[in-house]
Structure formats: structure tokens, C-alpha cells
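Values in this text are rule-based calculations from the coordinates and carry no lab data. Worth saying up front: this structure is predicted, and the values here are computed from it rather than measured. As a convention, Cβ positions derive from the backbone with ideal geometry for all residues, glycine included, and neighbour counts pool all protein chains shown.
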Amino acid sequence: MHIVDGVLSTEVVVAGAVIAVGGIALGLRQVSIENMPRIALLSAVFFVASLIHVPIGPTSIHLIMNGLLGLILGWAAVPAVFIALLLQAVFFGFGGITVLGVNTVNMALPAIVVWLIFGPILARTEGRTMMIAAFLAGSSSIMLSAIMVGLSLALSGQEFVATARLVFVTNIPIMVVEGFLTAAAFGLIKKVRPALLLSGPNTSLAA
Amino acid sequence: MSRHIVLSPASRNTTTGMIGVIDPRFRIICTIIFAVFIVSITSWQAVVATIVAAAVMVALSLPEWRKTLRRVLTMDGFIFATLLLLPFTYPGDTVFTVWGHTASQQGIYQAVMIGLKANAVIFTVMAFLGSLGSTDLGRGMMGLYIPTKLTTLLMFTVRYIDVLHHEYLRLRQAMRARAFHLRSNRHSWKMTGYLVGMLLVRAHDRSERIVWAMKCRGFHGHFHFTHLPRPAKSDYMFLLVMAVILVMLITLEALCPPLI
């Protein structure tokens, strides 16, 4: 769901960069000496997860898991996404230098929204209800990302509206897969290490 | 083991080649300036010239050709998929028709232009930053007054991506040993979800040990990079050459009117 350089109009690129800088600043305020390794390691896991390819029918997709990222990191998801995209741009040669801001916002904002909406619900519920909520968190974050990618394309020009629709349609199977994955991962974490979810981004570990 | 390294620069050695010895700050700044210039170009001649200039620079930095080519082709497949619909949705003179949808000349031109621009940026990044190691990236960012927290977070992430990737490969091997085969069904997705969850749990535990170990060694929020040396004469020469190239490209852009 990355957008490449040269597609978007200047207004969209600048707006994306400004929102991204604000989000990164907010996210960095959550980072302290105590939790910096924790946030960095969890970001690294999501980077590694993005290298995992899951087959869907004849093709395969790579994991995004921005819903789970938001649920675990909160506001720190924004710098985590930015760092992942920067590393992909520099080390994988993906380019996307001017659209770094827009891509960061498209991936990180859904993570934050999911965290704010589903975080409290997931903390309170158990069993089947929790699994359904986690499924919805995982799939709705992908849906929101697809909508935002489509929106940034459509805002750049009428001729991209068809491409925007295509982006949304091709992401529907990904929403389903990511929903199941997020539900499974969330369920496992809640069973095995609930501290990972309870601690939130602010709490120090060493204390 | 080196086969599995996730974040490896495209070039073999950071100290060889023409670009490898240049101050990382200058390289990062040049990348940003060139990327902004490329996306605002309107004539195809200027974009092609930029790609040629960047490709020559990539060649001078002694890349691993197969890896570089594979990366470019992967990205081009992706770019192609993004731009596939553009000729059919852009209004203009009809060139050909597919299933009742007309492709316009202007649309094809736009799609080709965007494809070229995206490639130009990819080549520019490879030329300037392709041989940059992660430490130099951190030092360069620090030197450009990017917030220390962000740089430190980046360096930490870079450090542990490979560690956790090994952990991931180990877990996958364990799954393979138990005859797990990744298919497209719910069981596979659930297992992959457990795999990611387990990676997160282990990363969390590891981070606790790291915090304690680092606190013992007096960690107080950032890494101490060796100071970047003052920009040498060669760095300023590099900047000058890049400025000349940029002026030449801007002249080309001004001389060649956009086709449409």
C-alpha cells in the first residue's frame, strides 16, 4: 500500500509531511530512557513481520499488522512506522523519499485510531468477544489504511479515483487475513504475557 | 549466516567507490534536494537525464549488480501495478481501446512520467545512500539535528531487526520440524498470528534484560557516536559537483517544454 514518488500532488505531500512531523513529535514524547529499548524491539518485530509473506490463493501478501502495532505501542506507533519506512527506503531501495510523510500517516493514523477505539474494549472483554474485537481491530486498521491511501490518491487528481477504488478492493482479502492474525496474536499475548498490553507505552519496566 | 542479513547496504564496501567516503550529512541533504527536484520536473528529457546521472553514480559506488537489479525490478513491478489504470482514466485523445475502455495519449504520457520519476528517485537514493551503513545513517541524522530520541530509536531498531529476524527464522524452523506448511487457510493464519505474538512476547522479555544491562552501563537516553569529522575538501567538491549537475538538469528542464 505504499505510494511511490511523483504520484501525489504537492498539497497532499506537504500536508502528509506536516501531520507526520506532528505525530512523530507526539510519539517521541512517550519515549523515555526506560521504555526506549522496549519500543525499539517491538518496532523491530513489526519490521520483521512485514517480511513474512502469507499466501492468499495464488498470490501472497506481506503482513502489515498496524492494528496490533497501535494496540501495543500507542502513540509511539508513529515514530515506529516512520523508522520502518525510512529503513525500507534506504536499505531496500524502495525510494519514496518525498512521500515518506504521507505513507507514515496512512499507516500510523489507523493504528492510533484502532488503539483509541478498541484498546478500552479489548482491556475489558474476555474470550470470544475479545477475539471478535481483536479481529475487528486488525481488519479495520487495514481498511482505514486502504481508505487513506485511496483518499490521498483521489485528492491528488480525479484520474486516480479508479486506482483508489482498486486499492480498496484488492485490500479486502488482506483485511480478513490480518483480522485473523491480529486476533490470534492478541489472544496469545493476553494469555502468555498480559504485562505487554497492560504496561502501555508510558510505564517503565524496570520500576 | 550473512545470507539472512536483513538490512544490508546495496554496495559491497562503504569505504570504496566515489560516494562512499563522502560525509553522510551531505549525502542525506543531496538525496532530499534531488528527490524534491525530481518530483517537480515536468519534461521527460530532464527525468531521463536524472536517471542516467544517478545510474552512473550507482555504477561508481560499486554495487552488487544482481541485488541492485532485483530491487529495481521488484519496485518497477509495483509501480507498474499502481499506474496500470491511469491511461484509461485520464481524459484525452484515444490511442487504443481495451474492453470498451479507451486509453488516452495524455494518460499514457502521465503514467510513463510518474514511472520514470519514481525510478529516478529510487536510483538517486541508491546512488547517495546505497553504500551508507546504518551507523553512518545515524551519525548523519544526528549531525543534521534530527531529534536525538528519534535517532536513538532508529539505531536500536536497526540493531535488533537482525536479532529478531534470526529468532523468527528459528521459530519457523521449529514449526517446519512439526510439519507445519503455510497455506491459505484459517489454521495457517492462526499459526502465523501465534508466531508474531510469540515474537512480540520474546522481544518484550529481551527488552527488559536490555534495559537492565544498559542501565548498569550508565545508559542515559542516547548513544555516543564518534563526532563526524569536519567536512573535508572532497566533501565540498562533491557538493559543488552535485550543484553543477542540478543546475544542468534545471537548465534542461527549462529548455525542454513538457510534451503535453
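Backbone geometry of the range A:158-171 corresponds, through the Karplus equation with coefficients 6.51, -1.76 and 1.60 at θ = phi - 60°, to 3J(HN,Hα) couplings of 4, 5, 8, 4, 4, 4, 4, 4, 4, 4, 5, 5, 5, 8 Hz, x marking Gly and Pro.
With the charge dipole of the protein assembly as shown set up from +1 on Lys and Arg Cβ and -1 on Asp and Glu Cβ about the Cα centre, the Cα lying farthest toward the positive end among the listed residues A:Ala76, A:Leu28, B:Tyr168 is that of B:Tyr168.
Normalised by the number of residues in chain B, the mean separation of alpha-carbon contacts (under 8 Å, six or more apart) gives a relative contact order of 31 percent. Once divided by 2.2 N^0.38 Å, the Cα radius of gyration of the range B:51-205 becomes 1.49.
GNM on chain B, C-alpha springs below 10 Å: top fluctuator among B:Ala111, B:Ala177, B:Ala120? Looking only at B:Ala111, B:Ala177, B:Ala120, the largest GNM fluctuation is found for B:Ala177. Relative to the longest principal axis of the Cα atoms of chain A, the long axis of helix A:36-49 makes an angle of roughly 60 degrees. A dipole drawn for the protein assembly as shown from +1 and -1 charges on Cβ atoms has a positive end, and of B:Met237, A:Ile189, B:Leu84 the residue lying farthest that way is A:Ile189.
Taking only the C-alpha atoms of the range A:1-158, Rg followed by Dmax gives 15.8, 48 Å.
If exposed chymotrypsin sites (Phe, Trp or Tyr not before Pro) are those in a DSSP loop with at most 13 other Cβ within 10 Å, what is the longest stretch of chain B that has none?
Working: sites that count: B:Trp99, B:Tyr145.
Longest gap between qualifying sites, sites excluded: B:146-260.
Counting alpha carbon pairs within less than 8 Å and at least 6 residues apart, what relative contact order, in whole percent, applies to the range A:10-198? Before the final figure, lay out the partial values.
Numbers: 245 pairs, mean separation 44.2, N = 189.
Taking the mean separation of contacting Cα pairs over the length of the range A:10-198, I get 23 percent.
Projected over all directions and averaged, the alpha-carbon convex hull of the range B:146-216 occupies 6.3 nm².
Which value, to two decimals, describes the C-alpha radius of gyration of the range B:68-108 once divided by 2.2 N^0.38 Å? Can you show the working numbers first?
On the way: Rg = 12.9 Å, N = 41, 2.2 N^0.38 = 9.0 Å.
Relative to the 2.2 N^0.38 Å estimate, the range B:68-108 comes out at 1.43.
Global dimensions of the protein assembly as shown from alpha-carbon coordinates: Rg and Dmax equal 22.6, 71 Å. Scanning residues 5 or more positions from A:Ile61 or on other chains, those with amide H under 5 Å from its amide H are A:Val54, A:Ile56, with H placed 1.01 Å from N in the peptide plane.
Quick one: how many lysine pairs does the protein assembly as shown have with C-alpha atoms less than 29 Å apart and a gap of 8 or more or different chains? Give me the count, please.
Numbers: A:Lys190/B:Lys190; A:Lys190/B:Lys215; A:Lys191/B:Lys190; B:Lys67/B:Lys117; B:Lys149/B:Lys215.
The number of close lysine pairs in the protein assembly as shown is 5.
For chain B, hydrophobic long helices are taken as DSSP H runs at least 15 Å long by C-alpha position along their axis with mean Kyte-Doolittle hydropathy of 1.6 or more; these are B:24-39, B:44-60, B:233-255. Site pair B:Thr148 and A:Lys191 shows an inter-label distance of 4.4 nm when each label is modelled 7 Å from Cα along Cα→Cβ.
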